[in-house]
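Remarks on the structure that follows.
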Amino acid sequence: MKNQELIPHLFRTEYRKIVAVLCKRFGFDQIETAEDIASDTFLTATQTWTYKGAPPNPTAWLYNVAKNKAKNYLVRNSTFETKIAPQIAGSSEADDLMEIDLSPQNISDSQLQMMFAVCHPALSPEAQIGLSLRILCGFGIDEIAEAFLSNKETINKRLYRAKEKLREEKIKIEFPGPSEIEERLENVLTTIYLLFSEGYYSVSQNQTLRQDLCLEALRLCTMLIENKSTCKPQVYALLALMCFHASRFEARVNKNGELVLYDDQDPGLWNMELIGKGAYYFKCASVGTELSKYHLQAGIAWWNTQKADTREKWENILQLYNRLLQLEYSPIAALNRTYALSKANGKAEAIIEAEKLKLIDNQFYFALLGELYAGIDNEKAKQNFEEAFSLAKTQADKQAMQNKINKL
Amino acid sequence: MDEYALIMRHEDGSKIASPEQMEIWMKATMDWIGGIAAQNKFVSGTGLLFDDAKVVHHNKLVTNRPFGEIKETIGGFITVKAESAEEAAEFAKGCPVLQGEGNTMEVRRIAKRDNGH
């Protein structure tokens with residue numbers, strides 16, 4: 001790998017590790033310092049490697065430079081010099097205190113603890129996602145801005161406020177206690193799934209960036225699986241769910257970058273390896289007695305990897321949605337449930353149920369009604385597709401509705 | 001918005017359904033509940049099992065299963081959110097229990113903790 005590829009690659013994988021370890025060491029009070037030292041390390045690497053070439057072990061080199069920079073910082077730090085240094089001068093503790101532990105174990109622990117801190121319920125969901133992308137995933141500000149269709153200034157402000165909040169709330173970088181872990185884990189999973197959805201459903205046209213968001217969500221979830229205290233059935237279920245969805249990444253966008261609806265997708269483009277992985281994780285999730293919303297969603301997502309339009313498929317999907325909605329209502333689940341109902345019990349029953357939903361500011365509600373009336377009352381179908389068209393926010397959604405009207 | 005209990009009352013609880021009937025009935029019940037949940041009006045559901053059911057009588061006599069002179073029994077209840085008792089009754093109309101002749105649904109507003117009864 002050449003330097004111009006090597007450094008961005010290492011930045012993506014190592015920046016977040018260095019930040020997590022330093023931040024864990026310094027506390028959130030000095031999160032900017034941790035970020036500065038990590039950034040500075042890469043600047044030094046760029047300058048040095050350009051002239052001398054990359055060292056044989058670039059990662060170890062980066063860790064060494066980061067350690068030295070952190071030590072220099074600690075030495076310069078006045079609090080350290082005036083209050084701590086005199087007491088421990090000459091003792092071996094001085095060396096211990098200065099030591100920055102970049103061992104694989106400490107990197108992994110620091111990152112997981114950071115994940116719990118960043119996904120703290122005191123922070124708004126946007127702040128959690130922004131911080132996750134920056135600190136846990138090592139995304140640049142411009143990448144985050146693009147993912148959110150925003151600008152650098154807005155993202156910088158949002159991150160600044162989020163960091164202020166971390167300090168105000170005195171959030172510590174540590175594992176939650178055993179009594180808290182279930183509840184806090186729930187929050188972490190929500191953020192990971194939001195991150196995934198941000199990539200999967202994003203309006204951003206940048207395919208690579210969108211796929212990166214999804215892969216990062218998978219990576220964070222895998223980190224939870226690799227740790228004993230967070231390796232729980234609902235975590236496996238979320239991982240399975242994301243694998244099943246991600247399997248359609250190639251198939252759901254055509255060459256022009258336009259969205260291809262499920263019915264029109266070529267199953268030949270579905271990633272069988274990811275479906276297989278998902279099935280394996282789903283099996284790992286099937287222990288214990290708790291059935292989380294991720295189990296139910298993973299079950300639905302599994303049936304969606306089966307292209308054959310069988311009654312069995314739709315009956316199963318319907319029952320999974322019935323249960324999911326009892327656990328947690330969402331408009332999209334209500335709409336999908338009603339679509340499954342039409343497939344399992346027939347359009348007549350589904351129309352009655354759909355009319356009761358009254359989600360009149362939701363374009364997909366009218367798209368569903370249009371779909372249900374098509375072939376039964378085409379005039380009503382047309383009216384509903386037109387309503388969906390007028391509510392649609394993107395050109396692609398409008399085009400999809402126009403196509404439906406043309407087909408009637 | 002208030003919460004209402006929709007109580008499924010079977011006229012004759014000693015009737016035993018075949019496994020096929022049970023399966024059809026279970027699906028219909030799940031679809032009914034799913035439809036209420038899809039309107040964001042579902043709160044909770046409680047099914048009542050007959051295994052080991054007991055009745056404690058006035059004289060403290062305990063008998064197995066609720067059936068003796070009175071065969072009517074409660075199969076379970078769900079709790080929904082509704083603007084009015086009328087809306088709650090509309091939800092109750094969809095319950096598959098009503099397909100059994102003589103069965104009824106009882107609709108009762110749930111007392112809030114702060115206003116007593």
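How well do other chains shield peptide A:316-323, expressed as the mean number of their Cβ atoms within 10 Å of each residue Cβ?
Mean partner shielding for this stretch: 4.
What's the FRET efficiency of A:ASP29 with A:GLN105 using the Cβ-Cβ distance as r and R₀ = 22 Å, to the nearest 0.05?
0.35
Once you keep just the Cα pairs under 8 angstrom separated by 6 or more residues, what percentage relative contact order results for chain A?
This gives 9 percent for chain A.
To the nearest 0.05, how large is the calculated FRET efficiency for A:ASP361 and A:ASN77 if R₀ is 56 Å and r is the Cβ-Cβ distance?
For R0 = 56 Å, the calculated efficiency reads 0.55.
How about B:LYS81: which aspartates and glutamates have a C-alpha closer than 19 Å to its C-alpha, ignoring those fewer than 8 places off in the same chain?
A:GLU328, A:GLU353, A:GLU355, B:ASP2, B:GLU3, B:ASP31, B:GLU90, B:GLU106, B:ASP114
Within the set of other residues whose C-beta is less than 12 Å from the C-beta of A:ARG323, count the net charge using Lys and Arg as +1 and Asp and Glu as -1.
Net charge in that neighbourhood comes out at 0.
By how many nm would the segment from A:ASN156 to A:GLN306 grow when fully extended, if each residue of separation counts as 0.36 nm and the alpha-carbon distance is taken off?
Residue separation times 0.36 nm, minus the Cα-Cα distance, leaves 49.7 nm.
Just counting partner chain Cβ atoms within 10 Å, what average do the residues of peptide B:28-36 show around their Cβ?
6
What dipole magnitude, in Debye to the nearest 20, does the range B:2-92 give about its Cα centre under +1 on Lys/Arg Cβ and -1 on Asp/Glu Cβ?
The calculated dipole for the range B:2-92 is roughly 400 debye.
Just the ratio, please: alpha-carbon radius of gyration of the range A:330-408 over 2.2 N^0.38 Å, N its number of residues.
1.01
Using +1 at the C-beta of Lys and Arg and -1 at the C-beta of Asp and Glu, which of A:ILE7, A:PRO331, A:LEU133 has the Cα lying farthest in the positive direction of the dipole of the protein assembly as shown?
A:ILE7
Top mean-square fluctuation among B:ASP52, B:ASP31, B:ASP12, Gaussian network model of chain B, C-alpha springs under 10 Å?
Residue with maximal mean-square fluctuation among B:ASP52, B:ASP31, B:ASP12: B:ASP52.
Please identify the longest segment of chain B free of exposed trypsin sites (Lys or Arg not before Pro), where exposed means a DSSP state other than H, G, I, E or B and no more than 16 other Cβ atoms within 10 Å.
Of all site-free stretches, the longest is B:16-59.
Give me, ordered by chain and number, the residues 5 or more places off B:VAL43 or on other chains with an amide H under 5 Å from its own placed amide H.
For B:VAL43, the qualifying residues are B:THR79, B:VAL80, B:LYS81.
Could you list A:SER103, A:SER286 in order of exposure, starting from the residue whose Cβ has the fewest other Cβ atoms within 10 Å?
Listed from fewest to most nearby Cβ atoms, that is A:SER103, A:SER286.
What is the sum of charges around A:ALA122, taking Lys and Arg as +1, Asp and Glu as -1, for the other residues whose C-beta is under 14 Å from the C-beta of A:ALA122?
Net charge around A:ALA122: +1.
State whether the range A:262-359 is rounded, prolate or oblate according to the following rule on the C-alpha gyration tensor (a ≥ b ≥ c being the square roots of its eigenvalues): a/c under 1.5 gives rounded; otherwise a/b larger than b/c gives prolate, and the remaining case gives oblate.
Judged from the Cα gyration tensor, the range A:262-359 comes out oblate (a/c at least 1.5, b/c at or above a/b).
What's the FRET efficiency of A:THR44 with A:SER330 using the Cβ-Cβ distance as r and R₀ = 35 Å, to the nearest 0.05?
Calculated value: 0.15.
With each label point set 7 Å from Cα along the Cα-Cβ vector, what nm distance links A:LEU209 and A:ASN256?
Label at A:LEU209, label at A:ASN256, 2.2 nm between them.
Treat the count of other C-beta atoms within 10 Å as a stand-in for reagent exposure and order B:MET22, A:MET115 from fewest to most.
Fewest-to-most Cβ neighbours within 10 Å comes out as B:MET22, A:MET115.
Picking from A:ASP29, A:ASP377, A:ASP212, which is most flexible by a Gaussian network model of chain A using Cα springs under 10 Å?
A:ASP377
Mind listing which trypsin sites (Lys or Arg not before Pro) in the range A:1-44 are in a DSSP loop and have 15 or fewer other Cβ atoms within 10 Å?
Hits after loop and neighbour filter: A:LYS2.
For a 25 Å ceiling on Cα separation, which of these pairs sit above it: B:LYS54/B:LYS93; A:LYS165/A:LYS393; A:LYS157/A:LYS255; A:LYS313/B:LYS27; A:LYS347/B:LYS15; A:LYS358/A:LYS398?
The pairs that break the limit, which is 25 Å between Cα atoms, are B:LYS54/B:LYS93; A:LYS165/A:LYS393; A:LYS157/A:LYS255; A:LYS347/B:LYS15.
Taking 7 Å along the Cα-to-C-beta vector as the label spot, tell me the A:ASP263-B:HIS57 distance in nanometres, rounded to one decimal.
My value for the distance between the label points is 6.3 nm.
Can you give the helix-only mean residue ellipticity at 222 nm for the protein assembly as shown, where every DSSP H stretch with n ≥ 4 adds -39500 (n - 2.57) and the sum goes over all residues, rounded to the nearest 500 deg cm²/dmol?
One gets -19000 deg cm²/dmol as the mean residue ellipticity at 222 nm.
State the percent of C-alpha pairs, over all pairs in the protein assembly as shown, separated by a distance greater than 30 angstrom.
Result: 61 percent of Cα pairs exceed 30 Å.
Straight distance only, please: which aspartates and glutamates reach the Cα of A:LYS228 with their own Cα at less than 12 Å, same-chain residues fewer than 8 apart left out?
A:ASP109
Ignore the peptide's own chain and count Cβ atoms of other chains within 10 Å of each Cβ in A:161-169; give me the average, rounded.
Neighbouring Cβ atoms belonging to other protein chains average 0 per residue here.
Report the one residue of A:THR33, A:ILE360, A:ALA66 whose Cα lies farthest in the direction of the positive end of the charge dipole of chain A (charges on C-beta: Lys and Arg +1, Asp and Glu -1; origin at the Cα centre).
The listed residue farthest towards the positive side: A:ALA66.
Sort B:VAL80, A:VAL287, B:VAL97 so the one with the fewest other Cβ atoms within 10 Å of its own Cβ comes first.
With the fewest neighbours first, B:VAL80, A:VAL287, B:VAL97 line up as A:VAL287, B:VAL97, B:VAL80.
Bear in mind these aren't lab numbers, they're just calculated from the coordinates by the rules spelled out. Note that the structure is a prediction, hence the values are computed from the model and not measured. Cβ coordinates were reconstructed from backbone atoms using ideal geometry, including for glycine residues, and neighbour counts include every protein chain displayed.
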